[in-house]
Amino acid sequence: MLNTRLLLIVLCCVNLVWLSACGGSGESASAPVVITPPVITPPVEPPSPTPEDPEPTDNIPAGGEVLITSAEALEPITYLGDATKPIARVTVVDASHAEFNQALHIEVIDPQGEFWDGQILIPLNKAVAKDDVMLVHLYFRTTYTLSETGSGFTTVFMEGPGPDFQKYVAREIIADSEWQEYLIPIQVGQAFAEGDLHLKFGVGGGDKAQTFEIGGIELYNYKQSQTLASLPSTELSYDGRSADAPWRAEAEQRIEQYRKGDFSLLVKSNTGDALADAQVDVKFVRHAYHFGSVIAANRLLANSTDGELYRQTLLNNFNQSGTENDLKWAPWAGEWGAGFNQQQTLDALAWLKDNHFYTRGHVLVWPSKRNLPDLMQRYLPDDPAQADPAAKQVVLEHIDDITQATSQWVDEWDILNEPFDNHYLMDAFGNEVMLDWFNQARLNLPSHGLFINDYSILSGGGRNAPHQQHYEDTIRYLVSNNAPISGIGLQSHFNDNLTPIETVYQLIERYHSAFPELNIRATEFDINTKNEALQADYTRDFLTIFFSHPATVGVQLWGFWAGQHWLPEGAMFDLDWRAKPNALVWQELIYQQWWNDFTGVTDTSGVFQQRGFYGDYQVTVTHGQSTKVFEFSVQAQGNNQIELLMD
């Protein structure tokens, strides 16, 4: 049995990948992050037997088929990185608990940042069918941690075999020294043979040593007799969710300070006399701050009912946009088939500009071999040291071509994407090629925003210290070498494991403190969860904390409609165009709470004064029989003293 299980895990782990959002949706596969092949260690041997087949506890509904018993869970397979310097050690210890008497004892020694860098794997002992509904039941406690919170954590996930490694849940569980019971419902979207699906615990996350125990691990399969909603579930939440969380008042004060400005309207007659008692009605038209979403060019231009709804929903909810995939090098070069072409892309960008959207381009250089277009592969052997130097010029010519073609339609670009694990070109030709890319872009984009963009900075609990440090080091290299970089992109993809709100703020502040001259933008925000209430609350709080930081310039969704989204459950509108709760809180914040109209009359000096959100306004002024409409803007760097001349 041991050899068979080891063979299974060798086959499924050698090419372990994690899918990145920048791969987009539709015609493009997501970009894999290749993990070093694991070192396999034998199953942990329990010191003594435990009951073979558990009876359901009071919390567990009857009728479930047992797929993992607590005894089987004490014999996991582990992959813990380099055997000479393992991420963790796993043993079995005795436990004093009413539901179990032994537990897995995990000592995390050298976490690498991503939870999947170290894994404890328990194969399912029976086959499962498509859409089967299951329930994980376990207990978790922390016995040692260097974290200031006093709590330890691990990530529970269920994953299929390669090459897809489909994940059906990724749930971080947290506890202090007391045992915490967890109930986690899961539904699988395809059938799996016995042994092909694994319940896993990720132990590689964070940057601090910790020791924790997991006991009473069981997995029940209810097949079609239960739904996700009908099974018991330990509530998903996050730190900072409560209505009286201290960060809320602080964020509100910052929004008042940094997102609003005083303005005055001086109303004069056509002869230059100040007009007292003129009626003034001011309507807010558009935020200066960017609340946006990416789009698909073919969907935006589609002559269909969904196309019309897509355009109208975009207009009703956002003031900033850009293409998800169309400006990536391969589709621009014609490698993604008939759904992508340059003229369609330019037409979509023109539509956005005609409708007053601030626009972003994504992306000029995604510098891994796997994410560069087919036309580049002849220059790029597997070994970067053998790469053809001619590749450097081909990249520069691409930058020149696409920026010339789009400069009038695109306001800012992601120049460099995901350098943490996309670095073939840097390995081949040195880090200075990054400087070349920014400098080449600036030639055709003299006043445009030029950004770097990466993932796992804010997400995953905000624990990925190696990734965060690499990003800071890369940005510092660019800044120190006078690259014309103007902004930092934080992708902001989340799942059920939601980063504490104050941690999000601390991370924004970290990059702002290090690079105070650079703007910061959430470039690819979504929350992939079935829990719509949780999704809505985190959307509200993430948007609030981001808006409150003075260095940020916007939040861009990575799509808004489930019919055109790389993770449909992360969308704000479902397939039938129902506005989900996360869409409603988005609208309530931006178009109600952070919206202002004003009405009144000018004083004896002909002046009307107010304090409002930065952005564009329309004002209607009536004096006597004369009425006139004006447009003006309240700007963060302006004096905002506007004269209005009546006829």
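The values are calculated or read from the model by the stated rules, or taken from the named source; none is laboratory data. Values in this document were obtained by computation on a predicted structure and should not be read as measured data. A quick note on method: Cβ atoms are made from the backbone with ideal geometry, for glycine too, and the neighbour counts reach across all protein chains shown. Each accessible area value is taken on the protein alone, full model and side chains, heavy atoms only, with ligands, DNA and RNA left out. Shrake-Rupley method; radii C 1.70, N 1.55, O 1.52, S 1.80 Å.
Only residues that are open to solvent by 10 Å² or more (accessible area, probe 1.4 Å), touching a Pro at 6+ places or on another chain (Cβ under 8 Å) and of a type in the set (A, V, I, L, M, F, W, C): list them for the stretch 362-417, please.
Once the filter is applied, which keeps residues that are open to solvent by 10 Å² or more (accessible area, probe 1.4 Å), touching a Pro at 6+ places or on another chain (Cβ under 8 Å) and of a type in the set (A, V, I, L, M, F, W, C), the stretch 362-417 yields only 387.
Within the stretch 548-556, is there a residue that is in contact with a Lys or Arg (Cβ under 9 Å, 6 or more places away or on another chain), under 18 Å from residue 501 (Cα atoms), open to solvent by 10 Å² or more (accessible area, probe 1.4 Å) and part of a loop (DSSP other than H, G, I, E, B)?
So far as the stretch 548-556 goes, yes, one or more of its residues are in contact with a Lys or Arg (Cβ under 9 Å, 6 or more places away or on another chain), under 18 Å from residue 501 (Cα atoms), open to solvent by 10 Å² or more (accessible area, probe 1.4 Å) and part of a loop (DSSP other than H, G, I, E, B).
When you go through (1) among the small types (Gly, Ala, Ser); (2) in a strand (DSSP E or B); (3) more than 22 Å from residue 531 (Cβ to Cβ) one by one for residue 170, which number turns out not to apply?
(3)
Of the residues that make up the stretch 155-163, is at least one touching a helix residue (DSSP H, G or I) at 6+ places or on another chain (Cβ under 8 Å), within 15 Å of residue 106 (Cβ to Cβ) and among the polar types (S, T, N, Q)?
yes
State whether one or more residues within the stretch 440-451 are in a helix (DSSP H, G or I), in contact with a Ser or Thr (Cβ under 7 Å, 6 or more places away or on another chain), open to solvent by 10 Å² or more (accessible area, probe 1.4 Å) and within 23 Å of residue 392 (Cα to Cα). Give the derivation first.
Here is the first cut: in the stretch 440-451, the residues in a helix (DSSP H, G or I) are 440-444.
Now narrow it down to the ones that are in contact with a Ser or Thr (Cβ under 7 Å, 6 or more places away or on another chain): 441, 444.
If we keep only those that are open to solvent by 10 Å² or more (accessible area, probe 1.4 Å) too, we end up with 444.
Next, only the ones that are within 23 Å of residue 392 (Cα to Cα) stay: 444.
Among the residues of the stretch 440-451, at least one is in a helix (DSSP H, G or I), in contact with a Ser or Thr (Cβ under 7 Å, 6 or more places away or on another chain), open to solvent by 10 Å² or more (accessible area, probe 1.4 Å) and within 23 Å of residue 392 (Cα to Cα), which makes the answer yes.
Condition first: crowded, with 21+ Cβ neighbours inside 10 Å, of a type in the set (Lys, Arg) and more than 21 Å from residue 467 (Cα to Cα). Can you find one or more residues in the stretch 191-204 that meet it?
yes
Can you tell me which of 355, 317, 325 is in contact (Cβ under 8 Å) with a residue 40 or more places away in the chain, within 30 Å of residue 581 (Cβ to Cβ) and over 24 Å from the mean Cα position of the chain (by Cα)?
Details: 317 fails: over 24 Å from the mean Cα position of the chain (by Cα); 325 fails: over 24 Å from the mean Cα position of the chain (by Cα).
Residue meeting the stated conditions: 355.
Give the number of residues within the stretch 458-484 that are assigned to a loop (DSSP other than H, G, I, E, B) and either open to solvent by 20 Å² or more (accessible area, probe 1.4 Å) or touching a Phe, Trp or Tyr at 6+ places or on another chain (Cβ under 6 Å) (or both).
So in the stretch 458-484, the residues assigned to a loop (DSSP other than H, G, I, E, B) come out as 458-459, 463-464, 481-484.
Among the residues that remain, those that are also either open to solvent by 20 Å² or more (accessible area, probe 1.4 Å) or touching a Phe, Trp or Tyr at 6+ places or on another chain (Cβ under 6 Å) (or both) are: 459, 463, 481-484.
Result for the stretch 458-484: 6.
Name the residue, out of 242, 225, that is free of Cβ contacts under 8 Å to residues at least 24 places away in the same chain and either touching a Lys or Arg at 6+ places or on another chain (Cβ under 6 Å) or not in a helix (DSSP H, G or I) (or both).
Details: 225 fails: free of Cβ contacts under 8 Å to residues at least 24 places away in the same chain.
Of 242, 225, the one residue that is free of Cβ contacts under 8 Å to residues at least 24 places away in the same chain and either touching a Lys or Arg at 6+ places or on another chain (Cβ under 6 Å) or not in a helix (DSSP H, G or I) (or both) is 242.
Checking the conditions here, which among 391, 428 is hydrophobic (A, V, I, L, M, F, W, C) and touching a Phe, Trp or Tyr at 6+ places or on another chain (Cβ under 6 Å)?
Values: 428 fails: touching a Phe, Trp or Tyr at 6+ places or on another chain (Cβ under 6 Å).
Sole residue among the options that is hydrophobic (A, V, I, L, M, F, W, C) and touching a Phe, Trp or Tyr at 6+ places or on another chain (Cβ under 6 Å): 391.
Among the residues of the stretch 217-230, which ones are under 22 Å from residue 172 (Cβ atoms) and either at pLDDT below 95 or open to solvent by less than 10 Å² (accessible area, probe 1.4 Å) (or both)? Reasoning before the result, please.
Taking the stretch 217-230 as the starting set, the residues that turn out to be under 22 Å from residue 172 (Cβ atoms) are 217-220, 228-229.
The answer is 217, 219, 220, 228, 229.
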